[in-house]
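The values are calculated or read from the model by the stated rules, or taken from the named source; none is laboratory data. Computed from a predicted structure; not experimentally measured. Here the Cβ positions follow ideal geometry from the backbone for every residue, glycine too, while neighbour counts run over all protein chains shown.
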């Protein structure tokens, strides 16, 4: 069985591209599966696929989404140009995939509509793997919503990575969507530390692209209030991630400077290996307004850190409040502050929660489970 995967990313980030690599790590070892990946350009993904000995083609393709805040006239011109490039690329991809006799096309993000157009031309099944809300988390929307939704409806299967995603798009598309939670390679992320909150300084980690939807400013506001409420305690907040929104990053830097938090907040550019930072951090927080799944949530649990996140989206599906983590109301940094204060005054309880969370993640979110469910879907579509 030959499966062609479409990705719009050349970099390996904690979201869709990392999840695809993890899936392919298992899939490629299946005796009857031959994966091939369509990449938009050269980069980290190409290097990784080459190391994994997975076939790939580099053919430029563009997303059909635009920023929610883009009010410019030029957006129309950009979209037309991208559609023209996509049209040329579609013809090239069809020629290559027909020669390889591909059986199924697996599209790694909701905005990868090029893969759907190719599949329809070839007359083969195609799957949309929805890993994002789009408007709520990425602050983006389809340029041509009617056309994009039509391609989604025509798909052989749609996979959602959380119940929240499933519910949103089942309502919009008026069709059944399969739920397959993300999985991760457990052994890569597990850190066994039996007793957190032992150091004089409480270290807190927030991982994710620097953007409004990820809520880094909310975390810093909570930290600022925390330092005032507990002046005798020491705190350090590590922000790890690429800068996705320069204006938002500048807003964060301005707040840090105005509140003299330069020694309390440390920005770390994105790195694929967070073990060293996670080993010294007591708490991992997630401040996204609405997280599609929360890969970072599971990584935090496996790393034996206390997870504190927003009571919304996929996060509230993964976390049982006061059993496997703590939840706070999105947008309420005072509530976030209070959850951290509660953690510091109930350390024994928090260490029990940390252990429960680690066991829960190990038992439920292995990449092998995810891959097995995806393989079952492939077989269902072929049969």
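Values as computed for the structure displayed
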quantity	calculated
Number of the condition not met by residue 260 [criteria: (1) farther than 21 Å from residue 313 by Cβ; (2) over 22 Å from the mean Cα position of the chain (by Cα); (3) surrounded by 20 or more Cβ atoms within 10 Å (Cβ to Cβ)]	(3)
Strands (runs of 3 or more DSSP E) (entirely within the range 83-180) containing at least 3 residues that are closer than 24 Å to residue 315 by Cβ and touching a helix residue (DSSP H, G or I) at 6+ places or on another chain (Cβ under 9 Å)	126-130, 157-160
Unique residue being at pLDDT 95 or above and surrounded by fewer than 20 Cβ atoms within 10 Å (Cβ to Cβ) when the list is 25, 13	25
Flag for residue 291 being modelled with pLDDT under 95, buried (at least 21 other Cβ atoms within 10 Å of the Cβ), closer than 19 Å to residue 209 by Cβ and in the same structural domain as residue 196 (by TED's automatic domain parsing)	yes
Filter result (over 18 Å from residue 93 (Cα atoms), in contact with a helix residue (DSSP H, G or I) (Cβ under 7 Å, 6 or more places away or on another chain) and at pLDDT below 95) within the range 34-69	66, 68
Meets criteria (out of contact with any strand residue (DSSP E or B) (no Cβ under 6 Å at 6 or more places or on another chain), exposed (fewer than 14 other Cβ atoms within 10 Å of the Cβ) and at pLDDT below 95) for residue 368	no
Some residue of the range 207-220 being touching a helix residue (DSSP H, G or I) at 6+ places or on another chain (Cβ under 8 Å), under 17 Å from residue 336 (Cα atoms), touching a residue at least 24 places away in the same chain (Cβ under 8 Å) and not in a helix (DSSP H, G or I)	yes
Failed criterion for residue 35 (all others in (1) over 18 Å from residue 184 (Cβ atoms); (2) under 20 Å from the mean Cα position of the chain (by Cα); (3) buried (at least 20 other Cβ atoms within 10 Å of the Cβ) hold)	(2)
Residue within the range 343-360 that is under 22 Å from the mean Cα position of the chain (by Cα), outside any helix (DSSP H, G or I) and in the same structural domain as residue 284 (by TED's automatic domain parsing) present	no
Selection from the range 242-260 of residues that are free of Cβ contacts under 8 Å to residues at least 60 places away in the same chain, under 20 Å from residue 286 (Cα atoms) and assigned to a loop (DSSP other than H, G, I, E, B)	244, 245
Whichever residue in the range 242-267 is touching a helix residue (DSSP H, G or I) at 6+ places or on another chain (Cβ under 7 Å) and over 24 Å from residue 228 (Cα atoms) and, among such residues, is modelled with the highest pLDDT	248
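For (1) in contact with a strand residue (DSSP E or B) (Cβ under 7 Å, 6 or more places away or on another chain); (2) surrounded by 17 or more Cβ atoms within 10 Å (Cβ to Cβ), each residue gets a yes or a no:
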site	(1), (2)
121	no, no
133	no, yes
159	yes, yes
162	no, yes
174	no, no
177	yes, yes
189	no, yes
202	yes, yes
217	no, yes
